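Here is the structure we will look at, set down as structure tokens.
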Amino acid sequence: MIGVSKNDIYDVISGKSKIRFGESLQAIAGYLKASKGAGEEIKDPKSFKSKEESELKIGFPAFFLSNTDIPFENYISSGAEQSVYLVDSHFVLKLNDGIYYRSWKDYFISLLLHNYFFPDTAYEFLGFIENNGKLYSMVKQAFVSTNQETDLNALCQFLAENGFINIRNNDYANPSLGLILEDLHDENVLTANGLFFFIDTVFYLANDFWLTD
């Protein structure tokens, strides 16, 4: 993380820089960013996300999949925003409804930032599925086998050394990059052989982020 600049972040979001599994994420984020209605996004996020979903069906119909290939029998866990299923000893599938984000654009920017900062656990976007009237993003990610508990104090120090300062509980901010990184508890950051593996991150652009819509 050390040495990263705002220009690097901009290049990731805009698609100028190649990152692991980034092509489809950058295409979708750019498509949604080009759509109008930022005021609507703030005023009524639910309605705005519904509008985004209609636009995605037009712009990326091939990404709308059936759910027949999801290994529902291999359910591992679920949280407020996603469910996790084991594919095999190497990979998991995650279904996310984007509830933590004001828009789907913000969700895809978060995936891009995760893949940029943490390529070892990069998300591979597979597509969307619909279930009971709700849209879910489906991503594939490497399965991390942990062999020790995550020391949150050590994690806090590691992040501070890389410019992310703890602002409350398990949430961090990097003022120089204009980024917020939330929900880094010991189930979202695993430890194996003394190394941290970030498997679930929630990135936001700070309100004063220099990139304008």
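Coordinate-derived values only; no laboratory data. Worth saying up front: this structure is predicted, and the values here are computed from it rather than measured. So basically every Cβ, Gly included, is an ideal-geometry build from the backbone, and we count neighbours across all protein chains shown.
Here are the numbers for the structure shown:
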| item | result |
| --- | --- |
| Listed pairs K16/K105; K51/K94; K6/K134; K43/K94; K16/K46 exceeding 25 Å between Cα atoms | K6/K134; K43/K94; K16/K46 |
| Computed magnitude of the charge dipole of region 144-213 (debye, nearest 20; Cβ of K, R +1, Cβ of D, E -1) | 160 |
| Debye log10 I(q)/I(0) for region 141-213, one point scatterer per Cα, at q = 0.21, 0.27, 0.28 Å⁻¹ | -0.90, -1.25, -1.30 |
| Per-residue Cβ neighbour rank within 10 angstrom, fewest leading, K46, K51, K57 | K46, K57, K51 |
| For region 110-174, diffusion coefficient by Stokes-Einstein and Kirkwood Rh (Cα), 10 °C, 1.306 mPa s, µm²/s | 110 |
| Fully extended contour minus Cα-Cα distance, from E149 to N132, at 0.36 nm per residue | 2.4 nm |
